Amino acid sequence: MSTSKLLSRYIIKQFLLSFFAVMLTLGFITFLFDVIDLMKRESDSSFEFSKMLLMALLKMPNMMLTVLPFGVLIGAIIVFWRLTKSSELVIIRASGQSVWQFTTPLLISAFLIGMIAVTVFNPFAAAMYGRFQLMDDDRRGQPHISADSQELWLREHRDGKMYVLHADGLRQKEYELSLRGVTVFVLSEKNDFLQRIDARIALLDQDFFTLKDAQLFESGVLSTLPDDYKLPTELTLGKIQENFASPDTISFWDLPKLISFFESSGFSAHTHRLKFQSLLVMPFLLITMVLIATVFSVDPNQRRGGGALKVTAAIACGFLLYFMTKITYAMGFAASLPISFATWSPPAIFTLLSVSLLLHREDG
């Protein structure tokens, strides 16, 4: 095996060990903060502590994706700090290895971590976050709304009963929402079946659904309901649009289908397009974090000292990139910036700056 391959394997091993150690630490910290936050927000003393722990666990995978860039940044900083402390970096540089040669394994590793996070871990995190939102809605007594590329589900607690509405399709036109192929299940608080209502069409008006061609199934008896039957609801078009299939609960693989479904149904898919682009940019964001760590951790003159200051500056620069992505994301959410520019510009800017500084430092 050549020296370059042996060195690459050694650097990748050190990076992965540091990365997973940092992610475990960050995951434990975020879990504790989530538990504390749930305890502060919980006004019902009857809500079990074990359920809070379960909710925090369900939310943790989504939070791990949020802190992933910092895990890569700090992991890369630790690798360079260890190599510098043991004088291995001096030996690597003296052997004629350029900064690009011993940084490339880290860049490839970061890119692969980003790809795995988006394509494999994201679907798991989205499913867990969907369960967290369901438990959170039940805890607060809020209606729960979910959708896929073909169907819509609404769940609402009202008057001591639970109403579960299923629709085969939906369509929004201006301020009117129409559902087709509607089935409403009415359950008791103990989840005992009480009634079932089938309707060809349901129109959402203020404070109620207007059901067309509705039939009622109750105690084994089928009866026809009056035309334009009114089914009370606390849902409004604004609430449905606000809570309709939160992007964080949708898998990376399902987002394109859901975007097409929303647009064909008359809904805005702006937030889902923004989420999809933010997932696409994740591997490149992690590469940028490695470049930032390299800029502040690799110095041709290792005797200058000031290691703590450089580490602080690297982490501060990483936070600056993170907040810049959040600012542009918010501007993209408000449609003040194009979606592609809002998601891709921060890592592109920091990548160009980092590469320029490294080129200047290496080649003068």
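Report the label-to-label distance for Phe121 and Met135 in nanometres (one decimal), using points 7 Å from each Cα along the Cα→Cβ vector.
About 2.1 nm, to one decimal.
Please identify the longest segment of the chain free of exposed chymotrypsin sites (Phe, Trp or Tyr not before Pro), where exposed means a DSSP state other than H, G, I, E or B and no more than 13 other Cβ atoms within 10 Å.
Of all site-free stretches, the longest is 1-174.
Computed from the coordinates I sent, semi-axes √(5λ) of the Cα gyration tensor in Å equals one of [x] 33, 30, 19; [y] 32, 22, 20; [z] 52, 22, 16. Tell me the label.
[z]
For the range 167-238, which GluC sites (Glu not before Pro) are in a loop by DSSP, counting at most 11 other Cβ atoms within 10 Å?
Those satisfying the criteria are Glu174, Glu189.
Taking 0.36 nm per residue of sequence separation and subtracting the Cα-Cα distance, how much length would be gained by fully extending the chain between Gln206 and Lys5, in nm to one decimal?
Taking Gln206 through Lys5 to full extension adds about 65.6 nm, to one decimal.
For the range 149-244, evaluate the Debye formula with one uniform point scatterer on each Cα (no solvent term) and list log10 I(q)/I(0) at q = 0.22 Å⁻¹, rounded to two decimals.
-1.23
Longest span of the chain, sites excluded, free of trypsin sites (Lys or Arg not before Pro) in DSSP loop with at most 16 other C-beta atoms within 10 Å?
After excluding every exposed loop site, the longest remaining stretch is 1-189.
Would you list, by chain and number, the lysines whose Cα falls below 25 Å from the Cα of Lys275, excluding same-chain residues fewer than 8 positions away?
Lys59, Lys173, Lys239, Lys257, Lys326
Give the aspartates and glutamates whose C-alpha is closer than 16 Å to that of Lys40, dropping any in the same chain fewer than 8 places away, or say none.
The reachable aspartates and glutamates, counting only those whose Cα sits under 16 Å from Lys40, are Glu48, Asp136.
At a temperature of 20 °C and a viscosity of 1.002 mPa s, determine how fast the range 86-216 diffuses translationally according to Stokes-Einstein, using the Kirkwood radius over alpha-carbon pairs as Rh; express D in µm²/s, rounded to the nearest whole number.
Taking Rh from Cα pairs, D becomes 111 µm²/s.
Rounded to the nearest 20 debye, what is the charge dipole size of the chain about its Cα centre when +1 sits on each Lys and Arg Cβ and -1 on each Asp and Glu Cβ?
1940
With contacts defined as alpha carbon pairs under 8 Å and 6 or more residues apart, what's the relative contact order of the chain in percent?
16 percent.
What does the extension gain come out to for Glu151 and Arg41, with contour length at 0.36 nm per residue minus their alpha carbon separation?
Gain on stretching Glu151 to Arg41: 36.3 nm.
So which helices of the chain fit the span-like rule, where a helix is a whole DSSP H run, its Cα atoms reach 24 Å or more along the axis, and its mean Kyte-Doolittle is at least 0.5?
For the chain, where a helix must reach 24 Å along its axis and average at least 0.5, the hits are 3-41, 49-85, 99-116, 307-333, 339-363.
Just name one of Ala127, Phe111, Ala199: the one whose Cα is farthest towards the positive end of the charge dipole of the chain (beta-carbon charges, Lys/Arg +1, Asp/Glu -1).
Phe111
No value in this document is a laboratory result; all are computed from the given coordinates. It should be emphasised that the depicted structure is a prediction, and the values quoted were computed from it without experimental measurement. Note that each Cβ is placed from the backbone with ideal geometry, even for glycine, and that neighbours are counted across all protein chains shown.
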